[in-house]
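Comments concern the structure below.
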Amino acid sequence: MAVITYELVHEDAQTGARAGRIHTPHGSFDTPMFMPVGTQATVKTLSPEEVAETGAGIILSNTYHLFLRPGTELIKAAGGLHQFMKWPRAMLTDSGGFQVFSLGAMRKIKEEGVYFRSHIDGSKQFLSPEVATRAQMDLGADIAMAFDECIPYPADYEYAKQSTERTTRWAKRCLEVHEHPAQGMFGIIQGGMYRDLRAQSAREITALPFDGFAIGGLSVGEPHDLMYEMLDYTTHLMPRDKARYLMGVGTPDCLVEGVARGVDMFDCVYPTRVARNGMAMLKTGRLNIKNKQFERDFSPLDAECDCYACRHYTRAYIRHLYKAEEIFAFRLLSVHNIHFLQRFMRGLREAILEDRFGDFQRDFWAQWQR
Ligand SMILES: CO[C@@H]1O[C@H](CNc2nc3cc4c(=O)[nH]c(N)nc4cc3[nH]2)[C@@H](O)[C@H]1O
Ligand SMILES: [Zn+2]
C-alpha cells in the first residue's frame, strides 16, 4: 500500500482539469493545492498557525538548505522536521535537484552525483541520489522528491538527452535506498524543452514505483507558452490514479493553465518573495504597496479577501510600514499573498466540481493584467 494516495473526485469534461484529494500520514488535503514554501524550515516571517490559517494543507521545505544548515542529522535528532518546526500538517521536501544547480557553486556533475561548494561557507559538498534520499529520510517529510537534475533553460538537445537519461538512472538509485514507513517518494519528469525527451522521461519515470509524479525542468525562465506546451506533452502520459505536481509554479495565470492540463499540486516562493518586495497579489494582477497612490488609501489590500491583513488593516497603513522598513509589513503581505493563493485554488476546485472550469478560465483571462 502506497504511503501517499491520490483520490480522483471529479474531472472537468472539456479540459484536463481535475479535483481530488491527497492522503498522507499527516492528513489529507484537497487538490488542486498550492504549497507555501518554507525553504529553511519556516515559511518566512509566519508562524505555523498563521500558515495553517490560510488553509494550506501542505508546505514544502528544501533538503539542499537543511542539509547544509543545520544538517539533517540534527533535525532527525530533534524528532524530524514536523517536530522541529511544529508544522502539524503534510509536508514535502524537495531533493536538492534544483537548488544545487541554482545556488551551489563550482558544480561538477558526475554519474555518482554532484560535487559543489556550499553557497553559505564555500565548503566542499556532495549530493547524490543516495545522499539526498537518506537526508530526506532523516527529515521525515510525508513526501520526498527523487534527486534529479533540473536542466537549465535553454539547453541543447544533446545535453538535455544525456541529463534526462541520467535523471532516470538516478531515480532508480533513489528508490533502491528509500525505505521509510511513513514517507512516500515522487519521481520527477525532465526532458528539457524537447517533446520527444519529455515523452521518453514521462514513460521511463512513471514506469517506476513512485507514489506520485512531478513535472520538473519548468518555470526556469522559459516563456509561459513554452511551459504550457511542455505540459501538453507530459501530463496526459502520467497515470490518472497518482498525484501530479508542477514544481516552482505559483502565479495565478500559470496556476490556471497548469490546472487546465490536469496538474494537482504546485509550489513557489513567489507569494512570500514578492511580499518582501511590497507586492500584494490580486486576481487582476498585483499591487505595489510602495506606490504613492496608496498613501491615503484607507481601503484593504483586496476588498474580496478575508485574510487577517485585509480584515484589519488598510493600504495606507501597510504602505507606511513598508516605507518605514517595519517587518510587520512583510508579515501582512505574506499572510495576504498565501491566503490569496489558497482562496484562488479553492475557487478553481469549486469551478471544476460545478463543471464550469472553462468559464472560470475565460473570465480569469478577461481580467488578468498581462
Ligand atoms: C521562476 O521562479 C524562479 O524559479 C524557481 C521556481 N521554479 C522551479 N522550477 C523547478 C524545477 C525543479 C526540478 O526540475 N527538480 C527539482 N528537484 N526541483 C525543482 C524546483 C523548481 N522550481 C523559484 O525558486 C524562482 O527562483
Ligand atoms: Zn487579504
Q: Mind listing just one residue for me: the one in the range 35-59 that is in contact with a Pro (Cβ under 8 Å, 6 or more places away or on another chain) and within 16 Å of ligand 1 (Cβ to nearest atom) and, of those, nearest to GLU257 (Cα to Cα)?
A: PRO36
Q) Taking the range 284-311 only, how many residues are out of contact with any strand residue (DSSP E or B) (no Cβ under 7 Å at 6 or more places or on another chain) and either within 16 Å of ligand 1 (Cβ to nearest atom) or farther than 23 Å from TYR270 by Cα (or both)? A) 7
Q. Mind checking which residues of the range 273-296 are open to solvent by 30 Å² or more (accessible area, probe 1.4 Å) and away from ligand 2 (no atom under 13 Å from the Cβ)?
A. ARG273, ARG276, ASN277, THR284, ASN288, LYS290, ASN291, LYS292, GLN293, GLU295, ARG296
Q: From HIS312, HIS320, grab the single residue that is more than 15 Å from ligand 2 (Cβ to nearest atom) and either free of Cβ contacts under 8 Å to residues at least 12 places away in the same chain or touching a His at 6+ places or on another chain (Cβ under 8 Å) (or both).
A: HIS320
(Q) Just the residues that are farther than 17 Å from ALA182 by Cα and more than 16 Å from ligand 1 (Cβ to nearest atom), please, taken from the range 85-103. (A) MET85, LYS86
Q: Go over the candidates MET137, MET91 one by one and state the one that is in contact with a Leu (Cβ under 7 Å, 6 or more places away or on another chain) and either buried (at least 23 other Cβ atoms within 10 Å of the Cβ) or within 30 Å of GLU49 (Cα to Cα) (or both).
A: MET91
Q: Could you tell me whether the range 122-132 includes any residue that is assigned to a strand (DSSP E or B), more than 25 Å from TYR153 (Cα to Cα) and out of contact with any Gly (no Cβ under 8 Å at 6 or more places or on another chain)?
A: yes
Q: Could you look through the range 1-29, keep only residues that are open to solvent by less than 60 Å² (accessible area, probe 1.4 Å) and among the charged types (D, E, K, R), and pick out the one that is modelled with the highest pLDDT?
A: ARG18
Q.
What's the number of the only condition in (1) within 17 Å of LYS44 (Cα to Cα); (2) in contact (Cβ under 8 Å) with a residue 40 or more places away in the chain; (3) touching a helix residue (DSSP H, G or I) at 6+ places or on another chain (Cβ under 8 Å); (4) surrounded by fewer than 24 Cβ atoms within 10 Å (Cβ to Cβ) that ILE327 fails to meet?
A. (3)
Q. Which of (1) on the phi < 0 side of the Ramachandran plot; (2) out of contact with any strand residue (DSSP E or B) (no Cβ under 6 Å at 6 or more places or on another chain) does THR31 not meet, given it meets every other one?
A. (2)
**Q.** One residue from GLY97, GLY55, GLY140 being of a type outside the set (Ser, Thr, Tyr), within 26 Å of ALA2 (Cα to Cα), within 20 Å of the chain's Cα centre (by Cα) and within 16 Å of ligand 2 (Cβ to nearest atom)
**A.** GLY55
Q. Which of (1) open to solvent by 40 Å² or more (accessible area, probe 1.4 Å); (2) assigned to a loop (DSSP other than H, G, I, E, B); (3) in contact (Cβ under 8 Å) with a residue 24 or more places away in the chain; (4) at negative phi is the odd one out, the single condition PRO70 does not satisfy?
A. (3)
Q) If you take the residues in the range 203-248 that are among the small types (Gly, Ala, Ser) and within 19 Å of the chain's Cα centre (by Cα), which one is surrounded by the most Cβ atoms within 10 Å (Cβ to Cβ)? A) GLY217
Q) Taking only pairs six or more apart or across chains, which ones have beta-carbon atoms under 8 Å, a first residue in the range 181-210 that is in contact (Cβ under 8 Å) with a residue 12 or more places away in the chain and more than 11 Å from PRO239 (Cβ to Cβ), and a second residue that is exposed (fewer than 15 other Cβ atoms within 10 Å of the Cβ) and of a type in the set (A, V, I, L, M, F, W, C)? A) GLY184/ALA2; MET193/LEU226
Q. Out of all the residues in the range 335-355, is one or more over 21 Å from the mean Cα position of the chain (by Cα), modelled with pLDDT of 95 or more, assigned to a loop (DSSP other than H, G, I, E, B) and closer than 30 Å to LEU237 by Cα?
A. yes
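The values are calculated or read from the model by the stated rules, or taken from the named source; none is laboratory data. Computed from a prediction, not measured in an experiment: that's the story for all the values here. Backbone-built Cβ (ideal geometry, glycine too); neighbour counts: all protein chains shown. Surface accessibility is based on the protein's heavy atoms, side chains included, excluding ligands, DNA and RNA. Shrake-Rupley method; radii C 1.70, N 1.55, O 1.52, S 1.80 Å.
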